[in-house]
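The values are calculated or read from the model by the stated rules, or taken from the named source; none is laboratory data. From a predicted model like this one, the values you see are computed outputs, not experimental measurements. Cβ placement follows ideal geometry from the backbone for every residue including glycine, while neighbour counts extend to all protein chains displayed. Heads up: the accessible areas ignore ligands, DNA and RNA and are worked out on the full protein's heavy atoms, side chains in. Shrake-Rupley method; radii C 1.70, N 1.55, O 1.52, S 1.80 Å.
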Amino acid sequence: MTETINAPLGAPNGESASSPILEVTNLKKYFPIVRGLVRRKVGDVRAVDGVSFQIQKGETLGLVGESGCGKSTTGRVILQLDRATEGSVKYEGEELVGKNAGQMRVLRPNMQMVFQDPHASLNPRMTVASIIEEPLIEHRFGNRAERLAWIEELLGLVGLSPTHANRYPHEFSGGQRQRIGIARAIALNPKFVVCDEPIAALDVSIQAQVVNLLERLQDELDLTYLFISHDLSMVRHLADRVAVMYLGRMVELAPVEALYESPQHPYTQALHSAVPVPNPIVEFGRERIILKGDIPSPSNPPSGCSFHTRCPVATPECAERVPEWREINPGHWVACHLA
Amino acid sequence: MVHAVNDVSFELRAGEFLGVVGESGSGKSVTMMSLLKLIPMPPGHIDAGVADFGEHDLLSIDAATLRSVRGGQIGFIFQDPMTSLNPVLTIGKQLTEPVMLHTGADRRAAKARVIELLDLVGIPDAEQRFKNYPHELSGGMRQRVMIAMALACEPKVIIADEPTTALDVTIQAQIIDLVKDLREKLNTAVIWITHDLGVVAGLADRVIVMYGGRIVEQSPVAELYARPAHPYTQGLLNSVPRIDQKGGSLTSIPGQPPSLLAEPVGCSFAPRCAYAFDRCLTETPVLSPVDLAGEHLSACFWDTAEGKERS
Ligand SMILES: Nc1ncnc2c1ncn2[C@@H]1O[C@H](COP(=O)(O)OP(=O)(O)O)[C@@H](O)[C@H]1O
Ligand code: SF4
Ligand SMILES: [Mg+2]
């Protein structure tokens with residue numbers, strides 16, 4: 001076990017960084033809307049509507065966007081917790097879409113998820129040790145003594161103490177519960193972890209603790225993250241590259257500095273300017289882009305560019321034609337007619 | 001026994017925008033409730049009936065009780081408008097009644113006033129929206145209705161408890177823009193309670209920082225962010241990343257927020273404070289000035305700038 005923990009970090013820009021651990025191509029997830037006694041299908045919620053991207057080994061890809069834009073669904077479909085409607089997800093070159101439960105079970109230890117709500121994701125009637133042991137038993141990890149020794153080590157790794165093993169989730173604070181969730185997620189030595197809003201439910205003073213922990217674990221265990229969040233400031237802090245979603249589609253994807261210093265999509269620009277900065281002098285001098293209206297429903301997305309109903313610079317073309325997903329600079333992708 | 005608000009008192013100046021910052025369990029919301037008795041200073045003149053409110057159990061106040069003390073002096077805006085809006089009444093009806101009560105206007109005049117209010121808070125097609133039920137509106141629109149409702153009786157003070165926390169960031173920006181605009185038009189004092197140091201930075205005149213049921217720091221806004229005096233405020237500012245800067249590592253505050261179930265002995269931040277010394281564990285620091293003008297107050301025995309005990 002310890003060998004894996006001390007595994008050297010793959011250089012972020014070195015050889016290993018250029019091979020994708022995950023390749024997502026034209027991924028779609030539609031949820032049917034059914035009505036009436038015979039449950040007739042009357043439409044679709046286009047939760048994810050054709051996204052393509054890659055995640056490199058050892059990197060953190062931030063996935064941002066407002067609620068309902070399809071971030072969680074993207075994460076779940078990648079891990080095959082939800083079945084894709086269309087498209088491809090390749091993990092280390094191997095196609096996941098279409099695999100049955102048994103085939104996925106073999107791959108499952110490699111890819112794990114950390115959830116937003118540490119209260120809801122931990123069984124209140126199980127001790128911390130049994131919560132973490134569950135996936136270990138399922139995947140036939142060692143004997144009981146070996147498992148307990150590993151659980152003890154895991155608790156240390158996430159900043160808890162071995163004495164916590166026999167306590168129940170309700171005895172812990174929100175931040176500590178998230179540490180338990182993280183311990184369970186890394187128990188099987190995964191390579192790829194989807195973190196779905198892991199700090200959104202935590203107090204401000206605790207968020208930095210959990211983010212620092214995730215960063216340390218990434219270094220020590222050589223993890224690759226898909227970090228889903230609506231907190232653009234935190235994503236700037238910890239991501240290498242960032243993808244922005246709007247109504248089920250990706251509108252921009254770029255290295256973190258490019259995305260924050262020269263955002264190209266009007267939605268990314270508006271999103272940025274909407275985030276308050278904890279500094280009155282900066283706030284005083286800031287120009288805000290205030291978007292009109294509300295986010296439309298993904299069951300009936302606008303024609304053409306789905307952002308055109310709120311876009312401050314939209315032209316008539318925008319309502320007619322879907323903008324192409326183009327690489328405007330090396331590694332900088334945008335879907336906008338004007339970019 | 002919950003020790004939520006320990007001798008919290010402060011003044012609110014006419015037309016002032018006061019930000020109250022704290023994490024969950026810091027006592028922000030309970031403070032809001034107790035404000036109802038603490039407020040009889042300028043500009044909030046509270047009559048005897050409202051002052052009696054202080055005898056209620058501050059933690060178990062329900063929306064109906066709040067509605068009854070709304071009486072025209074204080075307007076409320078909550079995080080979730082659905083808890084304060086009646087789901088089976090149109091928003092028009094819910095707004096008309098208080099306007100009639102407050103102004104003595106008849107139904108026709110009150111309706112005209114309500115449509116004017118809906119317009120003022122940026123609700124398009126106010127005439128149409130008048131007939132809508134709360135569930136027919138988006139979260140952002142419902143929050144605008146709440147603001148209209150809070151303004152209906154021309155209150156001297158508006159208390160907003162995490163009013164944008166449940167909203168997406170582009171909708172939050174719309175609401176903040178509206179509030180800034182309204183402040184220029186109306187001279188209402190606002191108490192804006194939030195966990196977000198960013199939101200109040202651009203809005204508030206003064207900020208109060210709460211921790212463990214107490215005010216730990218209080219200051220004009222620019223001074224607070226430029227020279228935070230309390231170790232908790234400093235820690236909070238160091239632990240949040242900024243969207244406009246490429247950050248280094250985040251300095252987190254160790255430990256957990258305090259439990260309000262235990263009677264605090266000494267400074268409630270001491271268990272997490274890097275500067276804590278023996279005095280902090282036995283004596284409770286009181287708010288005292290850290291600047292010459294006496295506008296910037298901190299409740300801490302240690303002067304972090306000078307690196308010595310405060311005299
Ligand atoms: N199981 C489901 N059944 C039906 N609709 C769903 C389901 N899960 C998500 N959705 C819908 O898909 C859209 C995207 O949701 P989600 O991926 O949770 O967004 P995000 O995580 O960005 O907030 C939303 O409109 C949501 O209501
Ligand atoms: S394609 Fe048109 S509507 Fe869409 S973001 Fe670009 S300018 Fe705006
Ligand atoms: Mg989500």
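Laid out as a table, the results:
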{"read-out": "Helices (runs of 4 or more DSSP H) within region A:113-193 that include 3 or more residues within 19 Å of the chain's Cα centre (by Cα) and closer than 25 Å to B:Pro258 by Cα", "value": "A:174-186"}
{"read-out": "Hey, A:Ala129 open to solvent by less than 50 Å² (accessible area, probe 1.4 Å) and within 16 Å of ligand 1 (Cβ to nearest atom) or not", "value": "no"}
{"read-out": "One residue from B:Gln79, B:Gln128, B:Gln143 being among the polar types (S, T, N, Q) and free of Cβ contacts under 8 Å to residues at least 40 places away in the same chain", "value": "B:Gln128"}
{"read-out": "Those residues of region A:289-329 which are modelled with pLDDT under 95 and either within 16 Å of ligand 3 (Cβ to nearest atom) or open to solvent by 80 Å² or more (accessible area, probe 1.4 Å) (or both), in sequence order", "value": "A:Lys292, A:Ile295, A:Pro298, A:Asn300"}
{"read-out": "Leading residue by the ranking (nearest to B:Leu167 (Cα to Cα)) among those in region A:47-86 that are more than 12 Å from ligand 3 (Cβ to nearest atom) and among the basic types (Lys, Arg)", "value": "A:Arg83"}
{"read-out": "Matching entry among A:Leu232, A:Leu253, A:Leu223, A:Leu202 (being within 13 Å of chain B (Cβ to nearest Cβ) and either more than 28 Å from A:His119 (Cβ to Cβ) or at pLDDT 95 or above (or both))", "value": "A:Leu232"}
{"read-out": "Search result, residues across region B:236-260 that are crowded, with 23+ Cβ neighbours inside 10 Å and not in a loop (DSSP other than H, G, I, E, B)", "value": "B:Leu236"}
{"read-out": "Residue in region B:261-268 that is within 14 Å of another protein chain (Cβ to nearest Cβ), over 19 Å from B:Thr304 (Cβ atoms) and either surrounded by 17 or more Cβ atoms within 10 Å (Cβ to Cβ) or modelled with pLDDT of 95 or more (or both) present", "value": "no"}
{"read-out": "Candidates A:Gly65, A:Gly75, A:Gly50 - the one that is under 17 Å from A:Tyr246 (Cβ atoms), within 14 Å of another protein chain (Cβ to nearest Cβ) and either within 16 Å of ligand 1 (Cβ to nearest atom) or among the aliphatic types (A, V, I, L, M) (or both)", "value": "A:Gly65"}
{"read-out": "Pairs where the first residue, in region A:266-277, is within 7 Å of chain B (Cβ to nearest Cβ) and surrounded by fewer than 24 Cβ atoms within 10 Å (Cβ to Cβ) and the second is assigned to a helix (DSSP H, G or I) and hydroxyl-bearing (Ser, Thr, Tyr), C-beta under 8 Å, 6+ apart", "value": "A:Ala270/B:Thr170; A:His272/A:Tyr260; A:Ala274/B:Thr170; A:Val275/A:Ser233"}
{"read-out": "Test: residue in region A:245-267 that is within 16 Å of ligand 3 (Cβ to nearest atom) and among the polar types (S, T, N, Q)", "value": "no"}
{"read-out": "Region B:296-311, residues that are open to solvent by less than 60 Å² (accessible area, probe 1.4 Å), on the phi < 0 side of the Ramachandran plot and not hydrophobic (A, V, I, L, M, F, W, C)", "value": "B:His296, B:Ser298, B:Asp303, B:Thr304, B:Arg310"}
{"read-out": "Residue among B:Met82, B:Met100 that is hydrophobic (A, V, I, L, M, F, W, C) and within 19 Å of the chain's Cα centre (by Cα)", "value": "B:Met82"}
{"read-out": "Residue count, region A:259-312 (criterion: assigned to a helix (DSSP H, G or I) and within 16 Å of ligand 1 (Cβ to nearest atom))", "value": "3"}
{"read-out": "Answer from B:Val286, B:Val216, B:Val290 - the residue that is touching a strand residue (DSSP E or B) at 6+ places or on another chain (Cβ under 6 Å) and away from chain A (no Cβ under 14 Å)", "value": "B:Val290"}
{"read-out": "So B:Asp125, is it among the acidic types (Asp, Glu), within 11 Å of chain A (Cβ to nearest Cβ) and under 25 Å from A:Cys311 (Cβ atoms)", "value": "no"}
{"read-out": "Filter result for the condition that a residue is in a loop (DSSP other than H, G, I, E, B), touching a strand residue (DSSP E or B) at 6+ places or on another chain (Cβ under 7 Å) and within 14 Å of another protein chain (Cβ to nearest Cβ), over B:Leu203, B:Leu224", "value": "B:Leu203"}
{"read-out": "Scan of region A:315-339 for residues that are touching a His at 6+ places or on another chain (Cβ under 8 Å), free of Cβ contacts under 8 Å to residues at least 40 places away in the same chain and assigned to a loop (DSSP other than H, G, I, E, B), ordered by number", "value": "A:Thr315, A:Arg321, A:Pro323"}
{"read-out": "Pairs, first away from chain B (no Cβ under 14 Å) and closer than 22 Å to A:Leu221 by Cα in region A:97-122, second open to solvent by 80 Å² or more (accessible area, probe 1.4 Å) and more than 16 Å from ligand 3 (Cβ to nearest atom), C-beta under 6 Å, six or more apart", "value": "A:Asn110/A:Lys191"}
{"read-out": "Near pairs, Cβ below 6 angstrom, 6+ apart or cross-chain, from region B:236-257 (more than 7 Å from chain A (Cβ to nearest Cβ) and within 14 Å of B:Phe269 (Cβ to Cβ)) to any residue that is open to solvent by less than 50 Å² (accessible area, probe 1.4 Å) and in a helix (DSSP H, G or I)", "value": "B:Pro254/B:Arg272; B:Gly255/B:Arg272"}
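Quick grid of which residues meet (1) surrounded by fewer than 22 Cβ atoms within 10 Å (Cβ to Cβ); (2) away from chain A (no Cβ under 14 Å):
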position	(1), (2)
B:Ile159	no, yes
B:Ala166	yes, no
B:Ala173	no, no
B:Asp181	yes, no
